[in-house]
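Some notes on the structure that comes next.
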């Protein structure tokens, strides 16, 4: 009797998990209904498509690079130190996650119309409707997330390791790169991959700040949007499939990093 | 010599006020305090990982409180050991020598001796995940000792080990210390650990130092009831000083109508007649007399009759619970197993106990 109940419970829970899987799989498989037509192959080899793929890869990588450069030290600070305003800082990291990407992009547009924003554009780099705008928008979207994820990886490493390394003669920098960094490397790598994937798929903030100009600021998600807007279904599907392919690859990458060898 | 002077630490709920510790060159010193009394905090302050409010620290006559941890010449073995999991045993051991950029050649022999003493030569290529609890302890100790520290800090080195490994590591610590004479400060809450290894000790309760002294001074002659109780003392009695016998140089104390005699020479301060004090004797210092043998002179003054109430086998010794017939004063008595067998005791036996005068201790 009790066994029956336990089986019921088990099958209900697993059933729910299988439903989610079928739901997403069906969605992806439905794309293939349109695969193979002449328009499909044309779209795949079209220079605009290739451009948007390349643009997405480059922009996401640069945005991730900057997010790590600033995010890793920030993550370390949040993980290890107590300082004034830490709670507020930590909360602020969530801002890009809770506000709509389009609002984030719009905020940038507003900023670049302030005297400071204009000064930066006139004396430095042009962001609005330019490639740096893509990178900036993606960076803004992922910097908080990357910091949070990296902080979680660093939190897993006991500060005791650094304490011992310090007592044995390491400076704080040495203790960081000889002990903490190698110990948290897999976690950090997974964080970076996830942040990159998020940048790669970013749409709202990018399109608002950098626009949707083919062969200039058109990333893959933007290209999907414009393809749909002009009823070019084949092109949209090509791009979606590629996006899904990259997405699955990154997820697989994260899985690989998760297979850590047992430390202790 | 290691000197810690006027250390104040305020951290979260911890409050450590005016901590003073002095450790002689080559001494194995214990900082004993209850769990959660902030002992690790003190170690971290000595190491330089935490900034105390005030306080000065000297290590081998060099004032270090403004130096970063890596320049203090201290090695630290935390409770969880923190062996670097991404490095093998050999790399762990050499970490300190490499980090300090020391000349490997001058340390090679020292490290080799340590490896021999610790008997871990077969483990050098292994990773910490594949070591047993005892092996990990050895490696952690070796890693700490390899760069020849001026001070070794041990945080609860014997906790969380099986009894046999514990005894093993205890011996090892003793041997290592007699071989290398590394000045050591060890924190623990376990007075039994401290007893077998300590030269000197500092008793630290509720953020304050209660007593400092040589091991036996502290164990046999605690300054207060608080210290005695922390050290696991069982036989503490409220007593009244009844008489000061000038002729025999003895104080006579009364507990529930029974008279105890203690030599006056053990106390520097003058003890007033009529004063209420706490009288204390360690369970190991109480003897059960064999009626077929004569009583030694040193025992004659404090002999009491009573009954065995209960007994427990503690694996390495026996505990006998005894109560005097007159005054009904309970005694906990610890007896080595071989003596216990010779005594042939059973519950309800009428026996006599004797207390060594020098082991009776009075706390005011």
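The values are calculated or read from the model by the stated rules, or taken from the named source; none is laboratory data. Computed from a predicted structure; not experimentally measured. Cβ: placed from backbone, ideal geometry, glycine included. Neighbour counts: every protein chain shown.
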Any residue at all in the range B:292-310 that's buried (at least 17 other Cβ atoms within 10 Å of the Cβ), assigned to a strand (DSSP E or B) and either free of Cβ contacts under 8 Å to residues at least 40 places away in the same chain or touching a helix residue (DSSP H, G or I) at 6+ places or on another chain (Cβ under 9 Å) (or both)? no
Does the range B:86-93 contain at least one residue that is within 12 Å of chain A (Cβ to nearest Cβ), outside any helix (DSSP H, G or I) and under 30 Å from residue B:22 (Cβ atoms)? no
Residue satisfying condition, being assigned by TED's automatic domain parsing to the domain that holds residue A:64 and under 30 Å from residue A:125 (Cβ atoms), within set A:176, A:200: A:200
I'm checking my understanding of the structure. Among residues of the range A:84-123 that are touching a helix residue (DSSP H, G or I) at 6+ places or on another chain (Cβ under 7 Å) and assigned to a loop (DSSP other than H, G, I, E, B), which one is nearest to residue A:211 (Cα to Cα)? A:112
Filter result (in contact (Cβ under 8 Å) with a residue 12 or more places away in the chain and under 22 Å from the mean Cα position of the chain (by Cα)) within the range B:39-53: B:39, B:40, B:41, B:42, B:43, B:45, B:46, B:47
So for the range A:159-171 (the condition being surrounded by fewer than 21 Cβ atoms within 10 Å (Cβ to Cβ) and more than 10 Å from every other protein chain (Cβ to nearest Cβ)), does at least one residue qualify? no
Keeping to the range B:261-291, report how many residues are touching a residue at least 60 places away in the same chain (Cβ under 8 Å), within 19 Å of residue B:337 (Cα to Cα) and assigned to a helix (DSSP H, G or I). 1
Would you please list the contacts, defined by Cβ atoms under 7 Å and residues six or more apart or on different chains, that run from a residue in the range A:91-108 that is farther than 15 Å from residue A:149 by Cα to a residue that is outside any helix (DSSP H, G or I)? A:101/A:202; A:101/A:203
Number of the exception - residue B:65 against (1) within 14 Å of chain A (Cβ to nearest Cβ); (2) within 21 Å of residue B:209 (Cα to Cα); (3) surrounded by 15 or more Cβ atoms within 10 Å (Cβ to Cβ): (1)
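For residue A:129, indicate whether it is under 24 Å from residue A:219 (Cα atoms), more than 18 Å from the chain's Cα centre (by Cα) and more than 14 Å from every other protein chain (Cβ to nearest Cβ).
Judged against the criteria, residue A:129 is a match.
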Filter the range A:33-73 down to residues that are at pLDDT 85 or above and out of contact with any helix residue (DSSP H, G or I) (no Cβ under 8 Å at 6 or more places or on another chain) and give me whichever is farthest from residue A:133 (Cα to Cα). A:73
